[in-house]
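Below: the structure, in structure tokens.
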Amino acid sequence: MRELELEWIIGKYNYWVFVLLVVIGFYAMTSKKNLIKKIIGMNIMQTAIFLFYISAGYIKELSAPILVEHATGYVNPLPQVLILTAIVVSVSTTAVALTIIIKIYQEYRTLDEDKIMEANQ
Amino acid sequence: MNTNLPVLIVIIPLMSSFIMPVVGLIRRRYCHILSFIATSAVFILAIMLIKNVTLHGTLSYHLGNWEPPWGIEYVIDNLGAYMAAIIAFIGLSISVYSKKSIEKELNKNLVFYYTLHMLLLTGLLGIVVTGDIFNLYVFLEISSLSAYALIALGEKRQALTASFKYLILGTIAASFILIGIGFLYAVTGTLNMADMSLHLEELYGSRVVHAAAVLIVVGLSIKIALFPLHSWLPNAYTHAPSTVSALIAALMSKVGAYMMIRLLYDVFTINFFIETMPVGEILSWTAAIAIIAGSISAIAQKNIKRMLAYSSISQIGYIVLGIGLANTAGLTGSLLHILNHALMKGCLFLAVGAIIYKTGIKNIGDFNGLGKKMPYTMAFFAIASLSMVGVPPLCGFFSKWYLALGSIEAGRWIFALVILSSSLLNAGYFFRVLEKAYFGEQNKIDKTIAPASMLIPMLVLAAACIVFGILVYMILPYVQYTAISLIQ
């Protein structure tokens, strides 16, 4: 019984890392006061999701979906393709966010959320 | 031609948004013409779609000729065509309105404004035509990203912080939705929504599906600003340029509600979200709180745009209430309210934009005598606000009527009471504005009239509020049929 549980935990380590990273990213996005740190948190969270998709689509014995000799089988390429799209979305989001941060810095001369809130009052 | 309709409605705004910067290089005022032509074309296509869907049933387009469920499929059913027509209509009105308003407010960024405007429409139209759940996510992000940038164009520096807050919360929401989609894909192995729904039937007991449902519903609730998750909305609507406020208030939240309907009713199906998980129950109670809380916060506001923003939070509550009730009358009310709220809020924000354009007045306290000063604009404002309160025979009355019917049908009298009391609260904050404008003391009146390009869209939207109220029986069969086909 004990072994089974351990195996269950270790066997799904990629999902544990995914959960951990999502939580770290979520924490940074909601609790950090510095705007750049929020963006870093956002990227951690998005990368965690990429990890989830990619590792869910990975099967150890099978090769990439390119026609080669001696292949026992091919993995589904769709998760990887989806993540390519998601990476593009993530990069654009980061770009927009950083652009807004630059403008915010030019206007407020600070990146601290509390100070910006004070200046807005 | 007819077979290509579903993809053309996305391609036209997408292409025009790519061409826009080039056109802007040649001559800036051509941007306005291009945006007008593109939105008109989209509007005509949307009307053709409705006609086709009612005549021949659901339209389907296979991108790259890949058969679904492998390839991406664009599907237009009754609901999709209905939403596309709303988006196209509001998009066209705002495109006409933009000319003068943008020239004054954002002269420096005119080209960017039009580019983003078309990109936003692309995203919104894409959401309503796609039948692929991952494509849905991508279009959601296209529309959200252009909305963040559009809000950041606002004149005051608060627009930047409002936009940043929206970006952070919007990205959290999108990440939740993406994780939810990933879970669903992991258990079903398909991304086509119709196919996924078939595979999901056996998996209603699975915890992965439950987690996916929770993540998607919470993500969408942030995107549509359902009450406890609404904190990004008031600032974003207040500080955005007037046309952007109108565009986002009228369309973004409606499309979010569409996604909620599509995912809950078509992918998870009613058996799951009512019987297996109490999602409908939770949504309708949250919505009831949102309706009251939004209305009460609106009463306390001094800035007119902020008041309208809080009123939006309460109106979103109405739409979600109908979704949560999950009976024909409730869903009919919800669908009608999607249309009506788009018309009313569009008209209100455009009227406020015209008032700011001409007089610079933003506080309700300064509205004294505005009814005589800007007679036409205030008349349209009054029509839309009366409709918002739910005065028959204006359109707002009928959606509330069906929502109340749905609540009673579901045996939930308290929701009918909530709708009634919220109408009274609505009357409270709208009549305060109207009372100031028409009966407030004024010193001297110098009449000003907003430019025709601003008055005509307002006139059309205000007229639509009346027409869809009096002639509601003309669209009612279509909406009811849509609601029934969603519930089955």
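The values are calculated or read from the model by the stated rules, or taken from the named source; none is laboratory data. Note that the coordinates shown come from a computational prediction; the quantities given were computed from them, not determined experimentally. Neighbour counts run over all protein chains shown; Cβ positions are idealised from the backbone, glycine included. Surface areas here come from the heavy atoms of the whole protein model, side chains and all, with no ligands, DNA or RNA. Shrake-Rupley method; radii C 1.70, N 1.55, O 1.52, S 1.80 Å.
The figures follow:
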{"read-out": "Estimated FRET transfer efficiency (A:D112, B:K362; beta-carbon r; R0 30 Å; 0.05)", "value": "0.60"}
{"read-out": "Of A:I104, A:I54, A:I44, the one that fluctuates the most in a GNM where chain A has Cα springs shorter than 10 Å", "value": "A:I104"}
{"read-out": "Surface per residue (accessible, 1.4 Å probe) for the protein assembly as shown, Å²", "value": "41 Å²"}
{"read-out": "Directionally averaged projected area (convex hull, Cα atoms, the protein assembly as shown), nm²", "value": "29.6 nm²"}
{"read-out": "Rh by Kirkwood over Cα pairs, then Stokes-Einstein D for chain A at 1.306 mPa s and 10 °C, µm²/s", "value": "92 µm²/s"}
{"read-out": "Accessible heavy-atom area order of B:T328, A:T72, highest first, probe of 1.4 Å", "value": "A:T72, B:T328"}
{"read-out": "Cα lying deepest toward the dipole's positive end in segment B:278-488, options B:V389, B:H337, B:L476, charges on Cβ", "value": "B:V389"}
{"read-out": "Accessible surface buried upon A-B contact (total; probe 1.4 Å; Å², nearest 100)", "value": "2700 Å²"}
{"read-out": "Column: log10 I(q)/I(0), Debye, Cα scatterers of segment B:379-471, q = 0.11, 0.16 Å⁻¹", "value": "-0.43, -0.77"}
{"read-out": "B:I408 versus B:I37: modelled label distance in nm, points set 7 Å from Cα along the beta carbon direction", "value": "5.3 nm"}
{"read-out": "Accessible area of A:Y105 in the full protein assembly, 1.4 Å probe (Å², nearest 10)", "value": "100 Å²"}
{"read-out": "FRET efficiency, 1/(1 + (r/R0)^6) with R0 41 Å, evaluated for A:K60 and B:E202 via beta carbons", "value": "0.90"}
{"read-out": "B:F439-B:Y376 FRET efficiency (beta carbon distance; Förster radius 22 Å; 0.05 resolution)", "value": "0.75"}
{"read-out": "Residues losing 40 Å² or more accessible surface upon assembly, segment A:30-55, compared with the chain by itself, 1.4 Å", "value": "A:M45, A:I49, A:F52, A:Y53"}
{"read-out": "Sequence of B:E435, B:E141, B:E73 when ordered by accessible area, the most exposed leading, probe 1.4 angstrom", "value": "B:E435, B:E73, B:E141"}
{"read-out": "Lys pairs under 30 Å by Cα in chain A, provided they are eight or more residues apart or on distinct chains", "value": "13"}
{"read-out": "Surface accessible to a 1.4 Å probe, B:F227 within the full protein complex, Å²", "value": "60 Å²"}
{"read-out": "Surface accessible to a 1.4 Å probe, B:R27 within the full protein complex, Å²", "value": "120 Å²"}
